[in-house]
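The values are calculated or read from the model by the stated rules, or taken from the named source; none is laboratory data. Every value quoted in this text rests on a predicted model; they were computed, and no experiment measured them. Backbone-built Cβ (ideal geometry, glycine too); neighbour counts: all protein chains shown.
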Amino acid sequence: MILGLDAPTQGSVTVGGRRYRDLPAPMREVGALLEAKAVHGGRRARDHLLCLAQSNGIARRRVDEVLGIVGLEGVARRRAKGFSVGMGQRLGIAAALLGDPAVLIFDEPVNGLDPDGIHWVRTLMRELAAEGRTVPVSSHLMSEMALTADHLLVIGKGRLIADTSVDEFVRSSSQQSVHVRSPQAAELAARGREAGATVRAGTGPDVIDITGMDSAEVGRLAAAHGLTLFELTPVRASLEEAFMELTRDSVEYQAAGVTR
Amino acid sequence: MTGATIAPAGPDQRAAFHAATFGDALRSEWTKLRSVRSTFWALTVTVVLGIALGAVISAAAAHGYARSSAAGKLSWDPTAVSLDGIGIATLAIAVLGVLCVSSEYSSGMIRTSLIAVPKRGRVLAAKSLVFAAVTFVVGEATSFTAFFAGQALIAGHAPHAALGDPGVARAVVGAGLALTALAVLSVAVGTVLRHPAAAIACMIAVLFVLPGIAQALPDSWRNPVTEFWPTQAGGQLASIHQAAHTLAPWPGFGVMCLFVAIVYAIAWTLLNRRDA
């Protein structure tokens, strides 16, 4: 929709104040990586990039530059249908970089990539953002987003659910808990409950999880009652857990019979 | 949500750039066309079929001339005979024209193309113009070669034509022009149908199957079809002898062009309206 490929039922999107269709040289302002293989398989990688560069009046040498940036110089003369998922992704990123744009949109950039590829894409996106570019990334992979994103927009059922930083998101929408291992776990649990915290049995007889208190409070509580602690770990909810909690009501297709 | 905005962050220190032009789109489409193998093969088939088939048909027809009836001798059109091969070669142009759009849909390339050039009409215009220009050059080269080869084979066995004879130059140039109109038609059909197999089937139906079926119909049905069927009417431009129930060369070509314009307008509208 941002790129004018699909028409919204309502509303409009502008990039830098203009509709995408009205940008004088769109690739110079916005670069986009859509699904990896939006490429004609019979065309050589270099020709693919060349035809895109030409359409926006971008110099020919820039094609070789971006091939270098994504590490595809060696296969520039190979036809795209022989490319692996990772190579296809690199080619798509090269196309997005052609116009050296200030905004780079990445749609599910790490899907189907091997660990090396994922690391490379993540580093590249961070670098591009560090250069002062705006890099909107869409993804369903929460763990990946936790590593990559600064700012988070959560959309569910077509509505904007959250618009906040990643840290803020995790802090606000999840309950922190404290993981405790103590030879006197039973007594600590009782003291904790007295103080108003919720205590759940942990994975062993001497392990408990306390919510409603932070680790400092648990430590002080233990000291006050002369209890020994072997382990005291604040457990932060993962982005994924925070996400699940927040979107529980706005998931379109909920699996029946699965309790969370 | 109305009016979401994505603003570039930070100062923009990149060099100033020029707005993309229609010329840029033309260059891009030329690169696209020349960088896939199907282009080379389809054009080779067009040239080889157009010339070789034309030569075979010319030789065969010339040898049969002596035995043909008076009516057959009266309607003897050596120019049209030598250009007959191009009638079959049109299929290669039709397939290539359809493919240069529909392969973008089947591969997903269309989304990349429309991101690069979001003014969709510009993509279609550039694509058809480049393909029409290539077809025109290849078509004229084929048609002139087929004409001279055909006349050389006919000479000595039957009356043959020369480029200076009335209407002959028009017919030889016209064969290339009719091919060019067909090229534009096939790009438009590819845009409307988007699916390569469907679009190719549609072109075969328009070119060969439907006119063929019309031959089996009673005269009262067949004659108007033979007269006004766009691809057949357009083909009149390539013949000298005007058979019964056919249009004169230029009006015939006009019918073809009108038909192309209508399909093109539909393609233009659909391309702009549909989600890519």
Filter region A:18-53 for residues that are among the small types (G, A, S) and at pLDDT below 85 and give the result. A:A36, A:A38
For region A:197-214, check the following and say yes or no: at least one residue is touching a residue at least 12 places away in the same chain (Cβ under 8 Å) and assigned to a helix (DSSP H, G or I). no
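This table checks each residue for (1) in contact with a strand residue (DSSP E or B) (Cβ under 7 Å, 6 or more places away or on another chain); (2) closer than 18 Å to A:V30 by Cβ; (3) facing another protein chain (nearest Cβ under 10 Å).
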residue: A:A53; (1), (2), (3): no, yes, yes
residue: A:R60; (1), (2), (3): no, no, no
residue: A:D64; (1), (2), (3): no, no, no
residue: A:F83; (1), (2), (3): no, no, no
residue: A:A95; (1), (2), (3): no, yes, yes
residue: A:P101; (1), (2), (3): yes, yes, yes
Residue ID - surrounded by the most Cβ atoms within 10 Å (Cβ to Cβ), chosen from residues in region A:5-45 that are more than 7 Å from chain B (Cβ to nearest Cβ) and under 14 Å from A:L97 (Cα atoms): A:G31
Kindly indicate whether any position in region B:76-92 is within 16 Å of B:L237 (Cα to Cα) and either outside any helix (DSSP H, G or I) or within 14 Å of chain A (Cβ to nearest Cβ) (or both). yes
What is the number of the single condition among (1) touching a Lys or Arg at 6+ places or on another chain (Cβ under 6 Å); (2) modelled with pLDDT of 80 or more; (3) of a type in the set (S, T, N, Q) that A:S250 does not meet? (2)
Taking region A:131-162, which residues are within 16 Å of A:P109 (Cβ to Cβ) and part of a loop (DSSP other than H, G, I, E, B)? A:R133, A:V135, A:P136, A:S139, A:H140, A:L141, A:A149, A:D150
Only one of (1) without any contact (Cβ under 8 Å) to a residue 12 or more places away in the chain; (2) within 11 Å of chain A (Cβ to nearest Cβ) fails for B:Y105. Which number is that? (1)
Looking at region B:243-262, is at least one residue buried (at least 17 other Cβ atoms within 10 Å of the Cβ), modelled with pLDDT under 90 and hydrophobic (A, V, I, L, M, F, W, C)? yes
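Could you check how many residues of region A:156-187 are more than 26 Å from A:F243 (Cβ to Cβ) and either under 18 Å from the mean Cα position of the chain (by Cα) or in contact (Cβ under 8 Å) with a residue 40 or more places away in the chain (or both)? Spell out how you get there, then give the answer.
Step one: filter region A:156-187 for residues more than 26 Å from A:F243 (Cβ to Cβ), giving A:180-187.
Narrowing the set further to residues that are either under 18 Å from the mean Cα position of the chain (by Cα) or in contact (Cβ under 8 Å) with a residue 40 or more places away in the chain (or both) leaves A:180-184, A:187.
Going through region A:156-187 one residue at a time, the tally reaches 6.
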Of the residues in region B:108-134, those that are without any contact (Cβ under 8 Å) to a residue 60 or more places away in the chain and within 13 Å of the chain's Cα centre (by Cα) number 2
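Evaluate region B:37-47: report whether one residue or more is at pLDDT 90 or above and facing another protein chain (nearest Cβ under 8 Å). Before the answer, list the steps.
Filtering region B:37-47 down to residues at pLDDT 90 or above leaves B:37-47.
After this cut, where a residue has to be facing another protein chain (nearest Cβ under 8 Å) as well, the list is B:37-38.
The answer is yes; a qualifying residue exists.
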